[in-house]
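*Asks:* What follows is a single structure, and I will ask about it in a moment.
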Amino acid sequence: MPCYRYRPEPTTQRQAIRELCGRENEYVPDPKLGEANNVRRKAAWDAKNDEVIDQGLITMCGDFEMSMCHESGCDREGLLLCDWPMGRSKTCDLPLCPGHAREIGDDRHLCPIHHPMWVKQAGVTRINPWPPRNIGAPRK
Ligand SMILES: [Zn+2]
Ligand SMILES: [Zn+2]
């Protein structure tokens, strides 16, 4: 059973519940309480929901595969993959954390090796939609 020691991206309880349960963690007013009490309770609920949870370094063990960010010394999960085309409809796929991936468009990211090549070839730093239509831009 592999173990991974990493530092998860800070998240809020709201985001965590949305990702885990696929629904919003909204406060449901209690009819037994008065209006003012419900307003107070909702405010406390929302404050708790939006609190940033930074778990620091954690260890996860289990039957799953996890990619770590490829940047040396980085202990975050490689949530994003480099989208640089490598031919035969394959992409570079180097895993990077949101802090180390270079965003070039909506849900399009490049690794620190391919980003400078992209900027040089495409002459822009961000493009939408993909693939770019500039002459000399990387082709899939
Ligand atoms: Zn990283
Ligand atoms: Zn790459």
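*Asks:* As an exercise: evaluate residue 19 against (1) within 24 Å of residue 106 (Cα to Cα); (2) in contact with a strand residue (DSSP E or B) (Cβ under 9 Å, 6 or more places away or on another chain); (3) surrounded by 11 or more Cβ atoms within 10 Å (Cβ to Cβ) and give the number of the one condition it does not meet.
*Replies:* Unmet condition: (3).
*Asks:* Return the pair list, or none, for Cβ contacts closer than 6 Å from residues in the stretch 64-83 that are farther than 14 Å from residue 112 by Cβ to residues that are of a type in the set (D, E, K, R), at least 6 apart or on different chains.
*Replies:* What qualifies is 75/7; 76/7.
*Asks:* Go through the stretch 86-109 and give me each residue that's away from ligand 1 (no atom under 16 Å from the Cβ) and assigned to a loop (DSSP other than H, G, I, E, B). Please lay out each step first, then the result.
*Replies:* Taking the stretch 86-109 first, the residues away from ligand 1 (no atom under 16 Å from the Cβ) are 86-91, 104-108.
Answer for the stretch 86-109, where residues must be away from ligand 1 (no atom under 16 Å from the Cβ) and assigned to a loop (DSSP other than H, G, I, E, B): 88, 89, 106, 107.
*Asks:* Tell me which residues, restricted to the stretch 91-103, are within 11 Å of ligand 2 (Cβ to nearest atom) and not small (Gly, Ala, Ser). Please lay out each step first, then the result.
*Replies:* Within the stretch 91-103, the subset within 11 Å of ligand 2 (Cβ to nearest atom) is 91-96, 101-102.
91, 92, 93, 94, 95, 96, 102, listed by residue number.
*Asks:* Go through the stretch 94-132 and report how many residues are surrounded by 15 or more Cβ atoms within 10 Å (Cβ to Cβ) and in contact with a Cys (Cβ under 9 Å, 6 or more places away or on another chain).
*Replies:* Selection size over the stretch 94-132: 12.
*Asks:* Consider the stretch 59-85. How many of its residues are more than 16 Å from ligand 1 (Cβ to nearest atom), touching a Lys or Arg at 6+ places or on another chain (Cβ under 9 Å) and in a strand (DSSP E or B)? Outline the logic, then answer.
*Replies:* Step one: list which residues in the stretch 59-85 are more than 16 Å from ligand 1 (Cβ to nearest atom), which gives 59-65, 83-85.
From what's left, touching a Lys or Arg at 6+ places or on another chain (Cβ under 9 Å): 59-60, 83, 85.
The next check asks that each one be in a strand (DSSP E or B); those that pass are 59-60, 85.
Within the stretch 59-85, residues that are more than 16 Å from ligand 1 (Cβ to nearest atom), touching a Lys or Arg at 6+ places or on another chain (Cβ under 9 Å) and in a strand (DSSP E or B) number 3.
*Asks:* Still on this structure, I have one more. Just the residues that are under 21 Å from residue 79 (Cβ atoms) and among the aliphatic types (A, V, I, L, M), please, taken from the stretch 102-126.
*Replies:* Taking the stretch 102-126 as the starting set, the residues that turn out to be under 21 Å from residue 79 (Cβ atoms) are 102-115, 118, 126.
104, 110, 113 - these are the residues of the stretch 102-126 that are under 21 Å from residue 79 (Cβ atoms) and among the aliphatic types (A, V, I, L, M).
*Asks:* Scanning the stretch 45-93 for residues that are among the aliphatic types (A, V, I, L, M) and within 30 Å of residue 28 (Cβ to Cβ), which turns out surrounded by the most Cβ atoms within 10 Å (Cβ to Cβ)?
*Replies:* 53
Bear in mind these aren't lab numbers, they're just calculated from the coordinates by the rules spelled out. Since we're looking at a predicted model, the values are computed, not measured. All Cβ positions, even for glycine, are placed from backbone atoms using ideal geometry, and neighbour counts span all protein chains on display.
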